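**Q** Got a structure for you, questions after.
Each reported figure results from applying straightforward, stated rules to the coordinates on display, with no laboratory input. Note that the structure is a prediction, hence the values are computed from the model and not measured. Positions of Cβ are backbone-derived with ideal geometry, glycine not excepted, and every protein chain shown enters the neighbour counts.
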Amino acid sequence: MKEIILLKDGELALKGLNRSTFEDILIRNIKERLKGLGEFRFVKSQSTVTVEPENDEIDLDEAVRRIKKVFGIVGISRAAVCEKDINEITRVSADYLADELTFAKTFKVKAKRSDKKFPFDSPAICDEVGGAILSRFRHLKVDVRDPDVTVTVEVRDRFAYVHGTQLRGAGGMPSGTGGRACVLISGGIDSPVAAYMMAKRGVKLTAVHFASPPYTSELAEEKVHELLGKVSEYSGRVNLFTVRFTEIQEAIRDFCPEEMFTVTMRRIMMKTATRIAEWQGCDALITGESLGQVASQTINALKCTDECAGLPVFRPVIGMDKNEIVSVSREIDAFDISIRPYEDCCTVFTPRHPRTRPTPEYAREIEALIPEEDRLIDEAVKTAKLKIIEAFG
Amino acid sequence: MEIYLDNSATTRVCDEAVRAVNDALTVNYGNPGAVHSKGNAAKNIIAGAKKDVAAVLGVMPDEIYFSHSGTLANNTALFGAAMARKKTGNRIITTSLEHPSVSGCMDALERQGFEVIRLMPGNNGSFSPEELMGALNSKTVLVSAMLVNNETGAINPVEYIKPAVRRAGAPALIHVDAIQGFGKLPFKPGRIGVDLVTMSGHKLHAPKGVGALYIRKGVNIKNHIYGGGQESGLFSGTENVPGIAGFGAAVRALPDIKSALNAAQQKKELLLKLFEDDPRITVNSPENGLPYIVNMSVSGIPSQVLINFLSEQNIYVSAGSACKKGHRSEVLTRLGLPGERIDSAIRVSMSRYTTEEELKIFAQAVNEACRRLRSKK
């Protein structure tokens, strides 16, 4: 039996004349994500994208698993293709969904007929198919309100399609329709969630990670690679820049008062990230800051760091509680990686009593104590290492 | 150049063992259970390796059983002994500084209803025979102690166990986890009345994935792994013949234990001398411990930071513990060291291949680290 995947693009329907472009981007993203699984054909019509495998060898289970993480899709159905013949349609419906129907107690049939020349109208299709299923699965009852299984029959231009209960897609907007932004990623719980949330709105990702060897270990960097690997299952390819931050942190330690270590470090991180972001063609920065979570994330501290970013700063988790962030982190399967216990650069030289209400004027004054700050930033930007993170290479 | 000072974690496989492994992988690769000559050749490799291991312990080859790891051998010895002696009593005595492959078994046996007594170490990191005497009673079925502590090198007085058990009239079997001491210390279990001894290949230049258990003839322990009945039914599963071949070859290649120990003692003294006048360094290992292991704290530098720093220069040491954030070394904690010293502890573990030159370079690197990495100005 020939099988295909039907995708419903939700929010895209709102986008008027841009819609075709958006759908093209969506299809390009799906193609990229299905790389390595084999050849597919893509057809778009009536807010549905049809994904047809070119041969029977292709692993459709894996294809569905990957497509479930592509933004811009609200519903996914794996469907059987059949001739536009009512006997064929009833036979295929009962055969194709036999597993689901065997274990269900109730069902209903839904029919859509976009080919109005088809001799049976929708209620008639429902009658025929429902009758055939009832006579074969005698334990089943019809329930039109809350059925265990919904059998959907779609009669379209060339073929009819039969599918069971629709799976939920990842929602959001196709990656690339929202421009490109640069996420500051630490290896904790919050920043991968922030990256995921912005990617969901169609933003393509560049990432900057600050490493301070030997204060931070290789394992901390590998942790970031793995976290971005999880994010990239949704966002697509991520360009990660790992910046050596050791000399800057040592300079902060040597020249700044301890209570201002963190704010000063965050300011310089913003400056460094902005440099890389602009060079990468990003139009915003993304951080995992959540208001009040730690001393550097008070409203006053954010005021001090924000002024160092040359780009708008998106902070999608700013208003979320830790447990809300954790639940998203678990959803994208990042949590267990995030909680591995390696030091990241934010915990090196942590002040015992950080200042929670610094003013921008004071922060500027403190930062100015660092000799040759520009040269240090130049050096950090110049020596940043690029790694391309792709979930399905 | 790389300087590997983490030999208590694992060792580089010696050339003799590499050749033996290669032979067992490509020439004598038969299944020792097979009844043709290819199988027989593999069986002979195992028999030969048993002779080699037995010779080091001064025991008979048929008292040696090969397992698939040291951890497995410890599990089999402890559960097997406890279950075999269950009817005669309920008390087990061990120490509080054992490796997880022993302490984990003890916790499980405790949950199964045994009364487990964990002897606290003295300042030198080893248990006291008097305390052992006090803990023994006529219901004690098992006493287990490690020969050498893996974090500090402290040596336990295991030769006192048998006399104490005899005096208490306890029906106890005696187990010694000798994974860190085997082949490095003169240790003859037959002579001192030890019933069970655990060993591991990869701590002395054999490959990973092979351990051994000595069981004194006449001692029966309960089997808890079921399968093809290999190694008298104790370690079912096709024998790791290449690993066993490597283990045998590595043991054969061991130098004379006493002279190697003297050489190690000299290296340890050199290492201590290199840091003698340095107030930032404190040594956590006991003076009379196994000289291959030197645990020391470098004031002001967290263990992991120093490890990273040295690692960048291809010098490899480890923290005293698994160095999990917030999880301090239990061994050093039980020894009563202050927190700052525990958090900055590293373990330098040498092998017979470690040179004085390497130790000097290591000492320079630590000095360089002290200069650069002080945590606060």
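**Q** Modelled label-to-label distance, B:Thr238 and A:Val64, 7 Å Cα→beta-carbon offset: nm?
**A** Result for the modelled spin labels: 3.8 nm.
**Q** If you don't mind, there's one more thing I want to ask. Using alpha carbon centroids, what distance separates the range B:98-119 and the range A:302-371, in Å?
**A** 44
**Q** Could you work out, residue by residue across A:217-224, how many beta carbons of other chains sit within 10 Å of that residue's beta carbon, and then give the average as an integer?
**A** 2
**Q** Sticking with this one: Compute the longest continuous run of chain A that contains no exposed GluC sites (Glu not before Pro); treat a site as exposed when its DSSP state is not H, G, I, E or B and it has at most 12 other Cβ atoms within 10 Å.
**A** Value returned for the longest uninterrupted segment is A:84-371.
**Q** Right, another one. Note down the magnitude of the dipole of chain A about its Cα centre, charges +1 on Lys and Arg C-beta and -1 on Asp and Glu C-beta and zero elsewhere, to the nearest 20 debye.
**A** Taking the Cα centre of chain A as origin, the dipole is about 1140 debye.
**Q** From the alpha carbon gyration tensor of chain B, can you work out the equivalent ellipsoid semi-axes (sqrt of 5 times each eigenvalue) and give them in Å, largest to smallest?
**A** Working from the Cα gyration tensor, I get semi-axes of 35, 28, 17 Å.
**Q** Using the beta-carbon distance between B:Asn44 and B:Gln364 and R0 = 35 Å, what value does 1/(1 + (r/R0)^6) give for FRET efficiency, to the nearest 0.05?
**A** Efficiency computed from Cβ-Cβ geometry: 0.10.
**Q** Does anyone have the angle between helix B:70-84 and the longest principal axis of chain B? Alpha-carbon axes, 0 to 90°, nearest 10?
**A** 50
**Q** Let me know the longest stretch in chain B that avoids all chymotrypsin sites (Phe, Trp or Tyr not before Pro) found in a DSSP loop with at most 14 other C-beta atoms within 10 Å.
**A** My reading of the result: B:30-225 is the longest stretch.
**Q** Further, regarding this structure: Report, in listed order, any pair from A:Lys69/A:Lys271; A:Lys116/A:Lys200; A:Lys8/A:Lys204; A:Lys322/A:Lys387; B:Lys38/B:Lys184; A:Lys68/A:Lys223 with a Cα-Cα distance greater than 27 Å.
**A** Over 27 Å Cα-Cα: A:Lys69/A:Lys271; A:Lys116/A:Lys200; A:Lys322/A:Lys387; B:Lys38/B:Lys184.
**Q** Using just the helices of the protein assembly as shown, give the 222 nm mean residue ellipticity in deg cm²/dmol: DSSP H runs with n ≥ 4 each add -39,500 (n - 2.57), and the total is spread over all residues, rounded to 500.
**A** The helix-only estimate for the protein assembly as shown comes to -12000 deg cm²/dmol at 222 nm.
**Q** Right, next: Which aspartates and glutamates, if any, have their Cα less than 18 Å from the Cα of B:Lys188, not counting same-chain residues under 8 positions apart?
**A** Cross-link targets: B:Asp52, B:Asp62, B:Glu63, B:Glu159, B:Asp177, B:Asp256.
**Q** In addition: Filter the trypsin sites (Lys or Arg not before Pro) in the range B:209-304 to those in DSSP coil with at most 12 other Cβ atoms within 10 Å of their Cβ, and list the result.
**A** Filter output for the range B:209-304: B:Lys217.
**Q** If you filter the range A:325-393 for trypsin sites (Lys or Arg not before Pro), then keep DSSP loop positions with at most 10 other Cβ within 10 Å, what is left?
**A** For trypsin sites (Lys or Arg not before Pro) across the range A:325-393 that sit outside H, G, I, E and B with at most 10 neighbouring Cβ atoms in 10 Å, the list reads A:Arg352.
**Q** Please work out, to two decimal places, the log10 of the ratio I(q)/I(0) at q = 0.14 Å⁻¹ from a Debye calculation in which every Cα of chain A carries one identical scatterer.
**A** Normalising to I(0) and taking log10 leaves -1.11.
**Q** Let me ask something else. Per residue, how big is the convex hull of the range B:230-270 when only Cα atoms are used? Give it in Å³.
**A** Spread over its residues, the Cα hull of the range B:230-270 gives 110 Å³ apiece.
**Q** Going through the range B:215-298, which GluC sites (Glu not before Pro) have at most 13 other Cβ atoms within 10 Å and a DSSP loop state?
**A** Filter output for the range B:215-298: B:Glu276, B:Glu287.
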